[in-house]
Each structure stands twice: as C-alpha cells, then as structure tokens.
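Participant: What follows is a structure written as structure tokens; I'll ask about it next.
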Amino acid sequence: MKSFLSVLLLLSAVWLNAQTSHTISGYVSDSKSGERLIGATIINPESGVGTTSNNYGFFSLTQPGGPLELNFSFVGYKTTRKRLELNADTFLTIPLEKGISLEEIQVTARRLNQKNPELSKLSQPEITMQMIESAPVILGERDVLKTIQFLPGIKQGSENTASFNVRGGSADQNLILLDGVPVYNVNHLLGFFSVFNSDAIKNVNLIKGGIPARYGGRLSSVLDISMKEGNLKKSSGVFSISPISGRLTWEAPIKKDTAAYIVSLRRTFLDLPVRAVQKLSGQNGTYGYSFYDFNAKANWIINPKNRVYLSLYTGKDSQFSNTHEGNNKSKYDYNWGNITSVLRWNKVFSPKMFSNFSVYYSRFQHEQFSQSGEQDLNVLFKTNSEMEDISFKIDFDYYIHPKYTLRFGGKLSHMVFNPNIIQVKTIESDVRFNTDNHFTANEFNVYVENALDFDLLKINLGGRLSRYSTQNKSYINFQPRVSAALQIHPMLSLNASYNEMSQHLHLLTNSSLGMPTDLWVASTKNIAPQKARQATFGISSQAGNSLSFGLEGYYKWMDDVVRFDEGVAFLNSKESNWEENVLVGEGKAYGVEFLTQKETGRITGMFSYTLSWSDRKFSELNHGNWFPFKYDRRHDVSVLAEYKFNESYKTTRSISIGFTLQSGNNLSIPDIQTQGILLPGRDYATYNKSWETIRYTYDHPNNFKMPTFHHLDIGYNIVKQKTDNKSITWSFSVYNIYNRMNPWYYYKSGDQVKQVSLFPIIPSVSFTYRW
Amino acid sequence: MRKHFFNLLIALVIISCEEEVSFNFEHQPKLNLNCILNPDSMVTATLTLSQSLDSPEKIKPVYGAIITLYEENQVIGILKETEGGYYKLDKKPREGKKYNITVESTGYSSVSAVTVIPNRPEIEYTKEITGHLEYDSTRATFNLNVKINDRPGPDNYWIYDTWVVNEVRYGGARKEINAPFLDGFNKITDPEAKYGYILSLGVRLSDEGYDGKTMEFVIPDYFEGTQYSYTDAVHFLNACEHYDKHLKTIILNRMKETSELPFFEPVQIYSNIENGYGIFGSCAITTIYF
C-alpha cells in the first residue's frame, strides 16, 4: 500500500509538473523600426534552456510555471531581461534596442545565433550585414555574393564575378532565395555585380553542409536572403551613390505598428550622360548599357497571430543600339532580367505552432531584338529564352518541447521553360524556330525535420521527398538529411552531417561570366535530375570570449551532372534542341576547410583556408576518365578584417582589408601538336592548309592551370552621425592595391596567345546618406 | 545578333589590359600513329612524335619502329618502313574483321589500338535531270537521288566528292543535303544557302533511328562538266566508331578556332591510341562514278 501511494504521489508530481508548464511565444523586433529579428536568442539564464527566433522573428519556449526570467539577445543589440510570472501561455512582443551589450552576452548571442545549432560554423558560416557593409569592394558596390566569397569553401568564378562555386560544385548548384523565392540569374554586367541591393537586405543565411530538409532543389548550398520589412514606426531612407550606380531606399509605416512598406531602387547612371552627349553631338545613333534593380515590400499585421507580406523584385540589364542613316534604320536591344513576387501569410496556430503559407512567382528571361529596314523597321529578328516558376509552399514550426522542435511542410511547383525560341519576321513571312523546345514540369515536395536537443548533443534528423514530373515521366527522390553536434568540452564540439540532394534545373554555361547566354534548362524524360551526397565531419572550438576556430572535411559525390558537349556554344547558329548538345556524367569533390574568427573588440575579422579537389567524368570525354573540374582550385586563402578606431558618438571610423589568394582556374588549352590526317577526299588537294596536317590538342580537359590569383583590397569608412536619425557615410576603397594583373581570359590571335586582365588597381569612393 | 553581343565583350576587352603571353609547355614526346584501314587499299601508317605546342621544330618521324598488325588477334604482318615515318604492309584488310595494332619503338612507351572494319555502304541511286546551266544550255543540271540500304549495327556515313580541274584532282565535302538523318553537328545558318544552312567541312549521316532501314535523300545541284572541269565521283564512306569520332572532333575543333565567338566549348581531338596520339581507324567506301 505504501509503495502504491509512493508511486501515485510520484506520478502526481510528474503530472502536476507537466500541467504547470506554459509556453511563452511571440516576436523579437527592433525597437526603432519594428523589424522582426531573425535568430535572436531567448534564454532562461537559470536553467540554460533557450531557443532562437525563426525566419519571421517568432519564438516559442515552454517552461515550468512560476517566476521566470528570460534574456532576449541579438548581435548588435542590448540584451533585454524580462521577468514575469508564468501562469498561463503568454504572448509577447519584445523590442530590442540597438547598442553594445556586455561582450560575454554578445558572444553568447553569437554562438546561439544559429537557427541550426547542430551545424558547424563551416557548414553554416555567420554572415552579418555589418560584414557586408564593411568589406572593401570594387567600385564601391556592396555585394553580398562577393562578400561570401571570403568564406572557406566558396570560390568565385572569374575575377569579380558574382557567380560562386561551393565545395566543388558548379554555380547552378546554389539555391539563392530572396524572401523564399528562387532567383535564377543573379548577375548584372556579365556577373560583375549581383542583383542584390544591400540597402534592402535584412538578413543573409548561408548553408553549405548538412542542409536541413526544409531546403531542396540544389546540390551544393542554400543562400537565403531576407528583405527588410519596412519601418513600422516612422519613415526613413537611405541614399547611396558610387561610381557605378545610385541607390535610393525608402520605408515608412502605412499605419504605425500595423502596416509598413519599403521600396528600394538601384540604377546605373553612366548611360544617361553618354546618351545625352550622343544626341547633342548629332551622332546618327545611340548606344548604351544600363541595369536596375527594384525591390518593394509591404506587410500588414492583421493581429498578433496573423501577418501578411507582399514582396516584389524586378531587375534588368539592357544593352541597346539605335542607328539611322538616311532611310535605313536599325534598332537593337539585348536585355535580360528577373521578376520575383511572393505573397506570404504567417499564422500562429497556437503558442507552439507557427506556420507560413507562400505563393510565389519567379521568372528569368533574356531577349534579343533586332529590327531594321528602310523607312519602317520591317525586318525583325528576335530570340527569347524564358523560365517561369509558380509555387505554393506551406511550412510549419512546431515547438513541441524546449528540447524538440518539429518542422514540416511541402511545396507544389509548376514550371514553364522556353529555351532559345527564335522568330524571324519579314514583310513576306513570320517563322519561328525551336518552339518544340517549350515544355512544362511540375514538382511536389514534402519534408520533415526533427531538431533534438540533448544538451551536449544536438541533432537534426529529417528527410525530403520530391517528385518531379515532365513529359509523362516522373522522378522520385528521397533525400535523407542528418546533422549532429556533440560538445565534448565546454570549448570544443564535434560536428558531422550527411545529406542527399537532388536538382532538376541545370545551368548550361560556356564560361563563368554569368552571361545571360547561360541557359537554364530542366530535366526531361531524357535528362534525369542531378543528385548529390555529401558527408562532413569537423571540429570547432571557442577559445576565450571572442576567438573561434573550425576545421571541417567534406566529401561530395555528384551524379547526372550536365554540361555542354564539345564544340557547343549557345550563340552558335545550330539552333537545335539543347538535349542533343549536352553530356551527362559524374562529379566528386572533397577537401578540408579551416576558419578562425575574432568576433569582438576593436579588431574583428576572419582567416580561412581551403584545400580541395573537384573532378568530373563523362563517358564521351577523355575516354571516360576523371579530369579536373574547371574550378578545381587546390588552395584558397582569404582574410577579411576590420579595425575600428576610437569611437565617439558623432564619428566612427574603421579600416578594413580583404585579401584573397587562390590557385588558378583550369582551362582546356592545346599544349601538344601532332601530325594529323586529312579529311576524307582532301588527300587529293594540293592546297592543304597547315591546320589539316597538324593537330593541336591536349591530354585531358582542363589541362592548363591559370596562374595563381591574388589581390589585396583596402577600405576606409567614416560614419558621421549628424543627428539621432541622420548620418553620412563616406567609403573609400582601393581594389587590388598592388595592381596584380590577374588573367581573366586567354584567347588566340593568330599564333599568339593573349591574356586579358580587367581589374588593375581601382580606387573608388561612395557616399551614403541615411535619414 | 552575335555581332552585337560580341561588341559588348569587345568593349570590355578594350578597357582591359591585354598582353601577349607565352607558356612553357613541358611535354614528353609520345608516339603518334595515324592509320586508316580500307578494304580497297594496302595497309599504310605514319608514325611520328608528338611535341610541345611551342616547339618551333618540324614534326619528327619515327624510324625503325615495329608495327604489328593483328586480324582477329592473329598476327598478319609487320609493317615495313618505306621512308621516314611511313610504313606499309602489302595486305588488304577485310570487311567485318577486327584488327589490332601495336607499335614499339625504343625510348617510347608502346602504343596499341583496335578497330573493326565496317561494311561497305550499299547504295542505289538515280540521276534526275533538273534543267541546264543558265550560261550553257548544253550542260544539264541534275540531282542524285540516293538510297542507302543500311545494315543492322551502327554506321557512320560521310559523303564527299572528287572533281578534276585542269587535270588536277581535288576532293572534299561541298554539298548540303536535307534529310532527317543528317547530323547537324557542323551546321552553320546561312539564309542564302539552299536549305538555310551550310555544313562545315563535312557531310555526316547517322543511322540512329534508321538502323537496318533504307535512308533516302537527294544530293542536289550537280551539273555536267567540261573536259577541263568536271565532277568525276561521289563517295560514300562508312567510318568505324573511332575514325568517325576523330573526324567529328577535327571539324568541331576547326569550327571553334574560326568562330567569331570565343566561347565555344573546347574540343579535344579524339584518339583511340593507348599511351599515344593519332588514330587507328577504318572505313569502307562505295563510289558512284559520273
């Protein structure tokens, strides 16, 4: 009897304890603008139990009832302590003030400021807007895609291009999202600048290992960029100008604390004076080039549990020329660009269940248009390549327990592809080519993630199931995802992950310039989706309060990778089906990455080193043997550092340096000459040219290693605070301070080989005014 | 279109820095064997050394090598050297047979390769008179209506003419045809051409999708010649898999070298020679004489 009562008492205690747990949920935001903060930490300092806010600033934490203290922290903000009596489920909105917190809390915030604590810093490196703002850049253009190239395992294509390769993958294997919408072409001006206007960006999240199941569709990485939401409190703006472009951003409440909007425009301006000069000088034509980006977003807090967002991005590059001589006129336009738009609805179903519903549209198009004629422009030549993606997504975050979060959701997509449609129209005829290339595809994805916290061991275990259907054929892929972090010492953690990915979109490219002629195509009944498996293992350490180290090895296997066949160029005149011009093969990539970061103090920065290999194999090339990938760069060293001078309220100054040293790209350059045979019938001819009897070839593709690439850049920033709300920033930078002429391209001119370098020492200055 | 796009790139190149560079190509010479077997001819081969691209010297022939030819894995002879780098065996290979070749030469790695002699194309044809030349009404123009009775198994057909001008014979591919089995790998759009395109340096037909069937097509625009200038034959060459790949890569490479655009995918000249370079292939030719 006594034993029975004891058990009953114990069970009652447990039951009562369970009954007295309540959930605190809500949002963490910036006190001045109302912007939700992504990855803010919420910790019970007594128990050490905590959580982080999600992509929409929402958090949920279940704690025992009674008196409770919570610390709300975010990097760059003062920590807010909240004391409350937890008697019931409680909903809070916590505004955080910008400012400097205690170093220890700042570093703790940093350490926990990861939505995926089971991932190492090398798999999910931290990218802050401060890093993007302070990195020295070419021509004064802040660029998120160029800043991330200082991180280990991330390599640029050609010098100063926005295209990047992650852990031996190709540029199309990176999923780049803007407010959850894939952006397909991220390059302006042949890839020298990206489409992302940093004035409109709130948060950047990059994952290149242990990719959680909620992401899919690309093999190598996810770059998830969130736009600002709009200032809910008051209107504010930013005006910037650099040698390349002008930018204007304006945000304001529609209704204070309820609805707000933000619009941001960036445009090159050099074409405007050039056009004016051409017209005034009476030239018989105008020529020019320009690009722009326009971002707009509005949001409405319907009530504490419901919020809707509407985002739009459109950007375009345009090259044009208009000439007229007598009665003859001609007009030529070459333009390419993206449109993305998304409508999202956040709904809090319960204190533990957060959801997001999205409908989005994304389109990339490039078009050439040429008209000519006498008096009327009556001869038309037009080429058009386009892809469209319409999707519906649902995501749920279910905070079941402080130690267990369940995430699940799904996505349904409909895609339309029109690669290289050609129209030739005259007075007598109107002919279209390649209309057969048009096709559509559908994709359905579901995923589940289990984020488990066993104190010293954190695990994310999940899977993603995708079904891609086109041309009466379906491809079903199950992609397991697992990642884990084990703290073996207060300052030392082991990390490991394994993920499988599939990708049904392929970018066929002849170069790394990010040219619009690069062709986005999708898997068909003949071309299967690409697949990859990646395993990582690493160790990370926090030495002291501000210094961290990480070392991680990876191995990636890739199947069904796609590339152009030999001798193919998108702009050639064959105009045949792209499927006939590609090869399908395998890839493998492996390496080791090292990263050390200093996160606090007057000097901050990071040093990274990557040792890596990346190879490809196609049965039709090189006798089916492995050969180096074009971006197989053995060594990659990057340094990014900033030194802040003594700060006063009115003026803050800092100097930053960026240094990059990489092994060169690989090219296929003939380096061997041999005697050849004549083409059939040509043995009769007496006028044989030398090319018919001497062959120039190479042993294997990508046989030639370009010279080591390196440059040192310096930046100097002065921020003058005019009033509480107004500031002026002058940024001075010098790109390539020792004028290293890195080769950008080689070409043959007769018997000579010529090297083209584009970026000598380039000083620049930019100006930013915030109000 | 391409011109405008290229102009954009040229603008970048103009503002760029350009310098002539030379590379120190280090290359260990290897044996380069060229040998195409033909049932109508004795076996001949050339053997030279490969060299670095920047070498100013002429290609060196290889003397005194031992070149052994096998038919169905049985030795049928050793090629004799006739002059520097040229070797000959007074035997004719046979259709449908497999041939191996090995080459040994002091100081170089041995090379080897395999080929199977394809079948001679089975051709039927008729001449269709279409009119006469505008400038000479005595000379008729005609099309050649051709049927290839394809045999089962992969075949790779190349078509070329031979013609005589002032008693000198010339040869090569110079006609465009329009057929569904035409391989368009070397098509170049030309609105002024008969079919809207020209075929660069070769006319290739593939029996993919037509294996074992009859392939009918027209070779247009022949005309009767004079005693000084006339087309004397059209040749249908069936190339083995290796010779066929080799020819395609030669043509693609040349197209890339002469293209306006610098961004063609590079082309590696195909070779089936183990440990060396060159080509060991075979073909069988059917000729229609005019």
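Bear in mind that the values in this text are calculations on the coordinates, not laboratory data. No experiment lies behind these values; they were computed from the predicted model shown. Every residue, glycine as well, gets a Cβ built from its backbone with ideal geometry; the counts of neighbours run over all protein chains shown.
Participant: Across the range B:122-239, how many lysine pairs separated by 8 or more positions, or lying on different chains, have Cα atoms within less than 20 Å?
Facilitator: 7
Participant: Using only DSSP helix segments of four residues or longer, with each worth -39500 (n - 2.57), what per-residue ellipticity at 222 nm results for chain B after dividing by its residue count and rounding to 500?
Facilitator: One gets -3500 deg cm²/dmol as the mean residue ellipticity at 222 nm.
Participant: Oh, and also: Can you bin every Cα-Cα distance in the range B:31-117 into 10 Å intervals starting at zero and give me the percent of pairs per bin, rounded to whole numbers?
Facilitator: The distribution over the range B:31-117 is 17, 50, 26, 7, 0, given as percents.
Participant: Still on this structure: Be a star and scan the range B:150-173 for residues whose amide nitrogen sits under 16 Å from the point 7 Å along the Cα-to-Cβ vector of B:LEU133.
Facilitator: Once the point is set 7 Å along Cα→Cβ of B:LEU133, B:163-167 turn out to lie under 16 Å by backbone N, inside the range B:150-173.
Participant: Separation between the A:ALA543 and B:LYS60 pseudo-spin-labels, each 7 Å from Cα along Cα→Cβ, expressed in nm?
Facilitator: 5.6 nm
Participant: Just tell me how shielded B:184-190 is by partners: mean number of partner chain Cβ atoms within 10 Å of each residue's Cβ, no decimals.
Facilitator: Whole-number average of other-chain Cβ neighbours for B:184-190 is 4.
Participant: Taking springs between alpha-carbon atoms closer than 10 angstrom, which of B:SER109, B:SER52, B:SER206 fluctuates most in the Gaussian network model of chain B?
Facilitator: Comparing B:SER109, B:SER52, B:SER206 in a Gaussian network model of chain B, the most mobile one is B:SER52.
Participant: So what are the radius of gyration and Dmax for the Cα set of the range A:20-101, in Å?
Facilitator: According to the Cα coordinates of the range A:20-101, Rg and Dmax are 12.0, 36 Å.
Participant: Taking the Cα centre of the range B:122-239 as the origin, how large is its charge dipole in debye, to the nearest 20, when only Lys and Arg (+1) and Asp and Glu (-1) carry charge on their Cβ atoms?
Facilitator: Computed charge dipole of the range B:122-239: roughly 100 debye.
Participant: Kindly work out what percent of the DSSP beta bridges joining two residues of the range A:20-101 are antiparallel, to the nearest 5.
Facilitator: In the range A:20-101, approximately 75 percent of DSSP beta bridges are antiparallel ones.
Participant: Also, I was wondering about something else. Of chain A, which part is the longest with no GluC sites (Glu not before Pro) in a loop (DSSP not H, G, I, E, B) and with at most 14 other C-beta atoms within 10 angstrom?
Facilitator: A:98-427
Participant: Taking beta carbons within 10 Å but only from partner chains, what does the mean come to for residues B:242-252?
Facilitator: Going residue by residue through B:242-252 and averaging, the value is 3.
Participant: Under the rule a/c < 1.5 gives rounded, and otherwise a/b versus b/c splits prolate from oblate, where does chain B land using the Cα gyration tensor? Don't skip to the end; give the middle numbers.
Facilitator: Numbers: a/c = 1.87, a/b = 1.13, b/c = 1.66.
Oblate, since a/c reaches 1.5 and b/c is not below a/b.
Participant: Of all beta bridges DSSP finds with both residues in chain A, what is the antiparallel percent, to the nearest 5? List each step's numbers first, then the result.
Facilitator: Numbers: 335 of 347 bridges.
Roughly 95 percent of the DSSP beta bridges within chain A come out antiparallel.
Participant: Could I ask something else about it? Determine the shielding of peptide B:20-27 by partner chains: average, over its residues, the number of Cβ atoms on other chains within 10 angstrom of each Cβ.
Facilitator: 4
Participant: Would you kindly work out the equivalent ellipsoid of the protein assembly as shown from its C-alpha gyration tensor and give its semi-axes, the square roots of five times the eigenvalues, largest first in whole Å?
Facilitator: Taking √(5λ) for each eigenvalue gives 62, 33, 28 Å, largest first.
Participant: Here is a further query. Rounded to the nearest 500, what is the 222 nm mean residue ellipticity of chain A from helices alone, with -39500 (n - 2.57) per DSSP H run of 4+ residues and division by all residues?
Facilitator: My calculation for chain A gives -2000 deg cm²/dmol from helical runs alone.
Participant: Compute the distribution of all C-alpha to C-alpha distances in the range A:444-573, in bins of 10 Å from 0, and list the percent of pairs in each, rounded to whole numbers.
Facilitator: For the range A:444-573, the pair-distance distribution reads 11, 28, 26, 21, 12, 3, 0.
Participant: Let me ask something additional. What value does the range B:122-239 have for Rg/Rh, both radii from Cα atoms and Rh as Kirkwood defines it?
Facilitator: On the way: Rg = 15.1 Å, Rh = 15.4 Å.
Here the Rg-to-Rh quotient is 0.98.
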